[in-house]
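The values are calculated or read from the model by the stated rules, or taken from the named source; none is laboratory data. Please read these numbers as outputs of a predicted model, since none were measured by experiment. Ideal geometry is used to build each Cβ from the backbone, glycine not excepted, and the neighbour counts take in all protein chains shown. For the accessible areas, the whole protein counts, side chains as well, though only heavy atoms, and no ligand, DNA or RNA atoms are used. Shrake-Rupley method; radii C 1.70, N 1.55, O 1.52, S 1.80 Å.
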Amino acid sequence: MKLGVFDSGIDGEAIAAALRLVFPTAIITTVNDHENVPYGSKTPSEIINLTDIAIQPLINANCDVIILACNTATAVAIETLRAKYPNQKFIGIEPMIKTAAELTKSHTIAVCATPATLASDRYSKLVKNFGDGISIIEPDCSDWAQMIENNQINHQLIDKTINDVCDRGADVIVLGCTHYNWIKDSIIKIVDGRAQVIEPSSAIGNRVKQLLQLS
Ligand code: DGL
């Protein structure tokens, strides 16, 4: 089995490492776009073009599935890519609004994501379908992906942002950008039991199994 993993930056490697544990014999190829990261502050047409160019090695390798390990590329580009490559299977990653809505007791959640993800139609649909009666805080995380990519994390900024959403009553924090997985442990420490921190990376293996009908 051949799997291809794309992220604009460093997170494809983490997702690929998790997939290698689930599929030890699979050939897993990762590609990124270090030159153009962050995608989250770009226009939809830029994100679509850049993602399309970046995944060409995976398309040419005839991967059984290409995983867009990037909320931003999924939110903005996955439908265009599915239409352009109808024989190629894609899996995307999306902010876990549905799960958060099921978990919250305060009816307040926070979604940490890039500006492009938050502005996308796919995100609006998630909110419309699953966010009924829930108050959704969308803190400004526009600098986070770049900080994390460059390993220059402003811990004070993260601390302030997370404390603020907890103070405003969020009891579930959705990490809606795979870059933020690198600081998930720090976020959990800042939260200190006031909220659950959720992200979907551990579910990707099962999605691959379902899509390829392996179980
Ligand atoms: N890791 C990406 C995401 O999940 C993209 C971050 C960026 O390039 O701005 O959204």
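For the residues A61, A17, A54, the requirement of being within 18 Å of R207 (Cβ to Cβ), more than 10 Å from the ligand (Cβ to nearest atom) and out of contact with any helix residue (DSSP H, G or I) (no Cβ under 7 Å at 6 or more places or on another chain) singles out A17. Against the numbered list (1) within 15 Å of the ligand (Cβ to nearest atom); (2) under 18 Å from the mean Cα position of the chain (by Cα); (3) open to solvent by 30 Å² or more (accessible area, probe 1.4 Å), N151 comes up short only at (2). Condition first: surrounded by fewer than 17 Cβ atoms within 10 Å (Cβ to Cβ) and of a type in the set (S, T, Y). Now tell me which residues in the stretch 185-210 satisfy that. The answer is S186, S202.
Residues of the stretch 64-108 that are away from the ligand (no atom under 15 Å from the Cβ) and among the polar types (S, T, N, Q): T80, N87, Q88, T99, T104, S106, T108. Can you find a residue that is within 15 Å of the ligand (Cβ to nearest atom), modelled with pLDDT of 95 or more and touching a Ser or Thr at 6+ places or on another chain (Cβ under 6 Å) anywhere in the stretch 177-192? Within the stretch 177-192, one or more residues are within 15 Å of the ligand (Cβ to nearest atom), modelled with pLDDT of 95 or more and touching a Ser or Thr at 6+ places or on another chain (Cβ under 6 Å). For beta carbons closer than 6 Å, sequence separation of 6+ or different chains, a first residue in the stretch 66-87 that is more than 21 Å from M1 (Cβ to Cβ) and a second that is aromatic (F, W, Y) and near the ligand (Cβ under 9 Å from one of its atoms), the qualifying pairs are T72/Y39. Residue count for the stretch 121-141 satisfying the condition of being open to solvent by 60 Å² or more (accessible area, probe 1.4 Å), farther than 18 Å from P44 by Cα and in a helix (DSSP H, G or I): 3.
Please verify whether the stretch 176-194 includes one or more residues that are without any contact (Cβ under 8 Å) to a residue 40 or more places away in the chain and closer than 19 Å to A75 by Cα. Among the residues of the stretch 176-194, not one is without any contact (Cβ under 8 Å) to a residue 40 or more places away in the chain and closer than 19 Å to A75 by Cα, which makes the answer no.
When L175, L214 are checked against the criterion of being over 16 Å from the mean Cα position of the chain (by Cα) and under 28 Å from L3 (Cβ atoms), a single residue qualifies: L214.
One residue alone among W182, W144 is open to solvent by less than 10 Å² (accessible area, probe 1.4 Å) and among the hydrophobic types (A, V, I, L, M, F, W, C), and that residue is W144. Would it be correct to say that P44 is open to solvent by less than 60 Å² (accessible area, probe 1.4 Å), within 16 Å of the ligand (Cβ to nearest atom) and at pLDDT 95 or above? The answer is no for P44.
The one condition from (1) more than 15 Å from the ligand (Cβ to nearest atom); (2) open to solvent by 70 Å² or more (accessible area, probe 1.4 Å); (3) not charged (D, E, K, R) that I162 does not meet is (2).
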